[in-house]
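What follows is a single structure, written as structure tokens, with notes after it.
The values are calculated or read from the model by the stated rules, or taken from the named source; none is laboratory data. Quick caveat, the model's predicted, so the values are computed rather than measured. As a convention, Cβ positions derive from the backbone with ideal geometry for all residues, glycine included, and neighbour counts pool all protein chains shown. Accessible surface areas use protein heavy atoms only, side chains included; no ligands, DNA or RNA. Shrake-Rupley method; radii C 1.70, N 1.55, O 1.52, S 1.80 Å.
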Amino acid sequence: MLAGGCTAHFLHDGLTDSLYVLLPLWAEAFGLSHTQVGLLKTAFSGATGASQLPLGVLSERIGERALLAVGLCLAGILFAVAAWAGSYGMLILCLFLSGLACGVQHPLSSSIIARAFTQGGARAALGIYNFSGDLGKVAVPVSVAALAAWGGWQAGVLGYGLLLALAGGLLFLWLRRLRHALKPMKQHAEAATGKGWGFTDGRGFAYLSGVHLLDDVSRTGFLTFMPFVIISKGATTASVGFALALLFAGGAAGKLGCGLLAERLGLMRTVVLTEFATGVLVLLTLALPLNWTLAVLPLLGVVMNGTSSVLYGTVGDFVTPQRQARAFGLFYTVGSTASAAAPFLFGMLSDWRNPGFALVFAALAAFATLPLCLLLRRHLKD
């Protein structure tokens with residue numbers, strides 16, 4: 001089950017973060033303003049966020065595994081169709097529909113893994129799961145950038161869309177072979193005592209979600225307009241893919257390293273350290289020349305992405321095991337809502353001044369998590 005969830009996460013995050021390579025290319029191809037560029041990411045992330053919670057609840061009735069694989073397959077097909085988009089409206093429609101299908105991944109994969117490790121090790125398993133997503137973030141944007149440099153943005157979109165559709169079909173066949181490994185989700189739901197969301201500490205979950213929201217605002221805002229900033233410093237399309245690979249490689253290391261750091265320093269000290277460092281390093285990327293900016297990106301990736309695995313592994317502390325699918329769905333919806341709103345809002349800031357001005361607010365969002373961390377600390381079990 002862990003392998004299936006990791007595969008889905010690799011594919012999904014690869015798709016999501018390949019958009020950061022494609023956004024500048026779409027801006028040039030369709031003559032878009034930065035607000036319109038942000039709206040493309042908003043359409044994708046907003047659709048994903050809107051579908052996560054309903055799909056998490058639906059999975060309790062029809063099963064998680066088939067829904068997960070079919071959703072990924074549809075996401076790939078719809079993304080591939082975008083290669084034939086002849087207008088901005090068609091492009092944004094394809095991204096919206098693909099985003100809807102992508103809503104299956106986070107809540108269902110997380111729930112499958114969390115329930116598979118109910119006897120212990122869930123946080124470590126979720127750390128591995130998050131690490132697999134970062135591997136997708138490293139590998140796929142570079143590959144899409146290489147395809148786009150060779151055959152235009154259409155080649156990158158079509159190539160990865162078809163690959164994702166094929167992989168989703170293979171994942172469906174693989175997970176069917178494991179159908180006896182877990183009790184059906186419906187049986188778990190029937191075994192639950194009481195109704196509702198199953199929160200054991202609603203206020204703690206709210207504070208945790210607040211930190212998650214601001215963390216996603218900071219990360220998504222930075223990722224959306226960082227390519228424009230380094231292009232203004234002289235970077236090429238291939239260099240943008242390389243820069244994202246450096247950032248996500250650092251993020252992959254951060255997902256593992258911050259989990260280990262949390263064991264030594266404690267959860268909240270780790271989150272405070274990584275969020276503060278994120279804000280400082282985002283500001284440094286604006287002030288430094290291109291080569292030094294590229295040198296800073298791996299360290300920024302460590303602290304920027306490392307926070308999330310610590311937060312994901314804490315969701316289970318605030319909810320009963322029988323309601324984890326919908327709790328993860330709600331948690332990821334909060335993050336996806338932030339990821340959807342941030343590109344549009346940051347795009348308006350960028351059009352008002354410039355992309356660098358927008359990234360200043362990404363740093364401020366990271367700093368804004370610090371007061372919430374103090375409130376969350378009182379509700380943690382450790």
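Of all residues in the range 17-36, one or more are of a type in the set (S, T, N, Q), within 17 Å of Trp153 (Cβ to Cβ) and within 16 Å of the chain's Cα centre (by Cα). Remark: pairs (first residue in the range 135-159, farther than 15 Å from Leu15 by Cβ; second residue modelled with pLDDT under 90 and in a helix (DSSP H, G or I); Cβ separation under 6 Å; 6+ apart in sequence or on different chains) = Ala149/Thr237; Ala149/Ala238. Going through the range 144-162 one residue at a time, which ones are crowded, with 16+ Cβ neighbours inside 10 Å and either more than 10 Å from Ala82 (Cβ to Cβ) or of a type in the set (Asp, Glu) (or both)? Within the range 144-162, Val144, Ala145, Ala146, Leu147, Ala148, Ala149, Ala155, Gly156, Gly159, Tyr160 qualify. Taking the criterion of being within 11 Å of Ala341 (Cα to Cα) and touching a Gly at 6+ places or on another chain (Cβ under 6 Å), the residues of the range 36-68 that qualify are Gly38, Phe44. Identification of helices (runs of 4 or more DSSP H) wholly contained in the range 59-117 with 1 or more residues that are closer than 23 Å to Leu166 by Cβ and open to solvent by 50 Å² or more (accessible area, probe 1.4 Å) yields 64-81, 88-102.
For Gly329, state whether it is under 28 Å from Ser59 (Cα atoms), crowded, with 24+ Cβ neighbours inside 10 Å and small (Gly, Ala, Ser). So Gly329 fits the description; yes. Select from the range 296-355 the residues that are under 17 Å from Thr224 (Cα atoms) and of a type in the set (Ser, Thr, Tyr) and write down the one among them that is modelled with the highest pLDDT. For the range 296-355, the residue satisfying everything is Ser350. I'd like the residue in the range 222-239 that is under 14 Å from Ala149 (Cβ atoms) and assigned to a loop (DSSP other than H, G, I, E, B) and, out of all such residues, is most open to solvent (accessible area, probe 1.4 Å). Within the range 222-239, the match that is most open to solvent (accessible area, probe 1.4 Å) is Thr236. So, in the range 2-28, exactly how many residues are open to solvent by 10 Å² or more (accessible area, probe 1.4 Å) and either polar (S, T, N, Q) or on the phi > 0 side of the Ramachandran plot (or both)? Residues in the range 2-28 being open to solvent by 10 Å² or more (accessible area, probe 1.4 Å) and either polar (S, T, N, Q) or on the phi > 0 side of the Ramachandran plot (or both): 2 in total.
Residues checked against (1) hydrophobic (A, V, I, L, M, F, W, C); (2) in contact (Cβ under 8 Å) with a residue 40 or more places away in the chain:
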site: Pro289; (1), (2): no, yes
site: Leu297; (1), (2): yes, yes
site: Thr320; (1), (2): no, yes
site: Thr337; (1), (2): no, yes
site: Val360; (1), (2): yes, yes
site: Pro371; (1), (2): no, no
site: Leu376; (1), (2): yes, yes
site: His379; (1), (2): no, yes
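Each row is one residue, and each column tells you yes or no for (1) polar (S, T, N, Q); (2) open to solvent by 40 Å² or more (accessible area, probe 1.4 Å); (3) over 19 Å from Ser350 (Cβ atoms).
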residue	(1), (2), (3)
Asp216	no, no, no
Gly241	no, no, yes
Ala249	no, yes, yes
Val271	no, no, yes
Thr274	yes, no, yes
Leu281	no, no, yes
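Of the residues that sit in the range 251-269 and are open to solvent by 50 Å² or more (accessible area, probe 1.4 Å) and more than 18 Å from the chain's Cα centre (by Cα), which one is nearest to Trp292 (Cα to Cα)? So the residue we want is Leu261.
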